[in-house]
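These notes are about the structure you will find just below.
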Amino acid sequence: MLKAPRGTQDILPPESSQWVYLESVLRDVCRRYNYHEIRTPTFEQSELFSRTVGEATDIVEKEMYTFKDKTGRDMALRPEMTASVARAFVEHGMASGPLPRKFFYMGSMYRYERPQAGRYREHRQFGVEVLGSDSPYSDVEVIVLAMDAAGALGLTGTQLVLNSIGCPTCRAAYRSRLIDHLKVRVNELCPDCQSRLERNPLRVLDCKKDACKAVTSGAPGMLDHLCPECRLHWGEMTRLLAAQGIDFTVDSSLVRGLDYYTRTVFELKWPPLGAQNAILGGGRYDGLVEEIGGPRVPGVGFAMGMERMLMALAKGSRPIGADAGIDVFVIGMKGADSLASEKAFALVRSLRQSGLSCEFDPLQRSMKAQMKQADRANAKFVAIIGDEEAKNGIVTVRCMGEGWQKTVGLDHVVSFVCEEVARLGK
RNA sequence: GUGGAUGUAGCUCAGACGGCUAGAGCACCAGGUUGUGGCCCUGGGGGUCGCGGGUUCAAGUCCCGUCAUUCACCCCA
């Protein structure tokens, strides 16, 4: 049997309505923050990601879905969105327009990983990007946007974790200092960390192995080695966050897995989710636009794992997205001729054109069977047209909730039902 | 990529030591009411027991492989 590829999933009704709900809440938050939607291609030249995300990162090294197109160009399904947004920003000369530009996006990302709960090969992200502002206010704006989005969705119990990884200059200095410190006891580190030592020493800091923790416990912290500019930015940003009443914890071991980050990095965690408990993550990327050949334009943003958010909402606070029922179910009884059925079908269309949600049974089953469907569809009203009604130009209207029914002339049944639906709605 | 657990109907699950036509609840369809839902009763449809090998007179049950899901590592959203 044919199955959906590993790590992918079908989103079926009624769960799909939860996605619609999630998307609508996020869009409304973005409207209030004046962020505008950007849509970019699902695949890009592979080079875009190897240059920005980083040649030596797991994402580029072993998780990208790459392929050659018919002319032999190296392409990749996008593993993340920030590089694409930056590319579009440069390609369309937005740097010479008003700055900053503020974008949001929603879409599928692709990474060849071992699937587990909260981690998929195709997953959907919502995210925002601000390009053209190096102000700590922008860092704080995207963070409070994230917090407000979580709040608007009713998610409680999240933890905001922050760190600064400095700029290329102070990070390089810190890096060699850290390597020097770790080298002294290199043989006490786990094999993973030994190989990480030269490639990505910051990662050694958040290794969970006790042996490594012992070695790193006295290690210097990045925050103590920021250059004056980075230290100022960090200080301002944390001060502004605190002034907004945002609780956060500083975690000097927080390192993001993409090379383009500078200064601020953060994650919003929701512990009950288990191993994959970061609902969203992001940070500042002041060198990214330049890296892809654009001007010096700073940026900051985050990405939210939408599946993870839905998992958290389902597991936590309150259920969402219950589908409301339909307004009217029209029953057309199959009689000696098809007159009643056809009149019923015409009525369905009129009701729909008038703005009501309406359903009928194309299989023209028995009255009982159709009543059952109406009940299952959670219909407020049932309109019945059988031989008698068709002949006399009338319709029997039944209110499912209140139990009554009456006959109404076919020519004013639409307005009658509209009024009744409005009455129930109050 | 590494390790553990799991895989029987659309869904949730039963199927002691291998042994007749593989079951239940829910869902679905029909009938009980010749034109009236929710409750109830009766009946019905639906399963290559994830897939492929092997052991055996006999495999849903045991063995191997494989695919998928899941938990953790890793990584990240």
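Working only within the range A:1-53, note down all residues that are in contact (Cβ under 8 Å) with a residue 12 or more places away in the chain, within 13 Å of RNA strand B (Cβ to nearest atom) and either open to solvent by less than 60 Å² (accessible area, probe 1.4 Å) or of a type in the set (Lys, Arg) (or both).
Answer for the range A:1-53, where residues must be in contact (Cβ under 8 Å) with a residue 12 or more places away in the chain, within 13 Å of RNA strand B (Cβ to nearest atom) and either open to solvent by less than 60 Å² (accessible area, probe 1.4 Å) or of a type in the set (Lys, Arg) (or both): A:Arg6, A:Gly7, A:Thr8, A:Phe49, A:Thr52, A:Val53.
Looking at A:Arg308, A:Arg263 in this structure, which one is surrounded by 20 or more Cβ atoms within 10 Å (Cβ to Cβ), away from RNA strand B (no atom under 14 Å from the Cβ) and not acidic (Asp, Glu)? It would help to see each step written out before you state the result.
On the way: A:Arg308 fails: away from RNA strand B (no atom under 14 Å from the Cβ).
Within the list A:Arg308, A:Arg263, the selection yields A:Arg263.
Can you list the helices (runs of 4 or more DSSP H) found entirely within the range A:1-106 that contain at least 2 residues being small (Gly, Ala, Ser) and under 24 Å from the mean Cα position of the chain (by Cα)?
Details: elements: A:16-33, A:46-52, A:58-62, A:82-91.
Passing ranges, in order: A:16-33, A:46-52, A:82-91.
Which of the residues spanning the range A:397-426 are part of a helix (DSSP H, G or I) and surrounded by fewer than 18 Cβ atoms within 10 Å (Cβ to Cβ)? Spell out the reasoning first.
Within the range A:397-426, the subset part of a helix (DSSP H, G or I) is A:410-425.
Answer for the range A:397-426, where residues must be part of a helix (DSSP H, G or I) and surrounded by fewer than 18 Cβ atoms within 10 Å (Cβ to Cβ): A:Asp411, A:His412, A:Ser415, A:Phe416, A:Cys418, A:Glu419, A:Ala422, A:Arg423, A:Leu424, A:Gly425.
Would you say A:Gly257 is outside any helix (DSSP H, G or I), surrounded by fewer than 21 Cβ atoms within 10 Å (Cβ to Cβ) and within 33 Å of the chain's Cα centre (by Cα)?
Working: outside any helix (DSSP H, G or I): yes; surrounded by fewer than 21 Cβ atoms within 10 Å (Cβ to Cβ): yes; within 33 Å of the chain's Cα centre (by Cα): yes.
Spelling it out, A:Gly257 is indeed outside any helix (DSSP H, G or I), surrounded by fewer than 21 Cβ atoms within 10 Å (Cβ to Cβ) and within 33 Å of the chain's Cα centre (by Cα).
Checking A:Pro272 against (1) modelled with pLDDT of 90 or more; (2) loosely packed, with under 13 Cβ neighbours inside 10 Å: exactly one of these is not met. Which one?
For A:Pro272, the failing item is (1).
For the range A:318-396, give me every one of the helices (runs of 4 or more DSSP H) that falls completely inside it and has 3 or more residues that are under 27 Å from A:Glu15 (Cβ atoms) and out of contact with any Leu (no Cβ under 7 Å at 6 or more places or on another chain). Steps first, please.
Details: elements: A:339-353, A:367-376, A:387-392.
Ranges flagged: A:367-376.
Given A:Gly235, A:Gly257, A:Gly316, A:Gly221, which one is of a type outside the set (Lys, Arg) and modelled with pLDDT of 90 or more?
Answer to the check: A:Gly235.
Please go through (1) in contact with a strand residue (DSSP E or B) (Cβ under 9 Å, 6 or more places away or on another chain); (2) in contact (Cβ under 8 Å) with a residue 12 or more places away in the chain; (3) open to solvent by 80 Å² or more (accessible area, probe 1.4 Å); (4) away from RNA strand B (no atom under 16 Å from the Cβ) for A:Lys68 and return the number of the only condition it doesn't satisfy.
Evaluating A:Lys68 over (1) in contact with a strand residue (DSSP E or B) (Cβ under 9 Å, 6 or more places away or on another chain); (2) in contact (Cβ under 8 Å) with a residue 12 or more places away in the chain; (3) open to solvent by 80 Å² or more (accessible area, probe 1.4 Å); (4) away from RNA strand B (no atom under 16 Å from the Cβ) leaves (2) as the failure.
In this structure, is A:Lys213 open to solvent by 60 Å² or more (accessible area, probe 1.4 Å), outside any helix (DSSP H, G or I), within 16 Å of RNA strand B (Cβ to nearest atom) and of a type outside the set (Phe, Trp, Tyr)? Write out each step before concluding.
Numbers: open to solvent by 60 Å² or more (accessible area, probe 1.4 Å): yes; outside any helix (DSSP H, G or I): no; within 16 Å of RNA strand B (Cβ to nearest atom): yes; of a type outside the set (Phe, Trp, Tyr): yes.
When the stated conditions are applied, A:Lys213 does not pass them.
Taking the criterion of being in a loop (DSSP other than H, G, I, E, B), buried (at least 18 other Cβ atoms within 10 Å of the Cβ), near RNA strand B (Cβ under 8 Å from one of its atoms) and not hydrophobic (A, V, I, L, M, F, W, C), would at least one residue in the range A:282-290 satisfy it?
The initial filter retains those residues of the range A:282-290 that are in a loop (DSSP other than H, G, I, E, B), namely A:285-287.
Subset that is buried (at least 18 other Cβ atoms within 10 Å of the Cβ): A:285-287.
In the following step, the residues that additionally are near RNA strand B (Cβ under 8 Å from one of its atoms) were identified as none.
No, the range A:282-290 has no match at all.
Would you confirm whether or not the range A:161-170 contains a residue that is farther than 24 Å from A:Glu229 by Cβ and in contact with a strand residue (DSSP E or B) (Cβ under 6 Å, 6 or more places away or on another chain)?
Step one: filter the range A:161-170 for residues farther than 24 Å from A:Glu229 by Cβ, giving none.
For the range A:161-170, residues farther than 24 Å from A:Glu229 by Cβ and in contact with a strand residue (DSSP E or B) (Cβ under 6 Å, 6 or more places away or on another chain): absent.
If you take the residues in the range A:98-114 that are open to solvent by 30 Å² or more (accessible area, probe 1.4 Å) and farther than 15 Å from A:Tyr65 by Cα, which one is nearest to RNA strand B (Cβ to nearest atom)? So that I can check it myself, show each step before the final result.
Residues of the range A:98-114 that are open to solvent by 30 Å² or more (accessible area, probe 1.4 Å), as a first pass: A:98-102, A:106, A:110-114.
Of the ones still in play, those that are also farther than 15 Å from A:Tyr65 by Cα are A:98-102, A:106.
On the way: A:Pro98: 28, A:Leu99: 24, A:Pro100: 21, A:Arg101: 21, A:Lys102: 19, A:Met106: 12 Å.
Looking at the filtered set, the residue picked out is A:Met106.
The values are calculated or read from the model by the stated rules, or taken from the named source; none is laboratory data. Note that the structure is a prediction, hence the values are computed from the model and not measured. Note that we place each Cβ from the backbone using ideal geometry, even for glycine, and neighbour counts take in every protein chain shown. Side chains included, ligands, DNA and RNA excluded: accessible areas come from the protein's heavy atoms. Shrake-Rupley method; radii C 1.70, N 1.55, O 1.52, S 1.80 Å.
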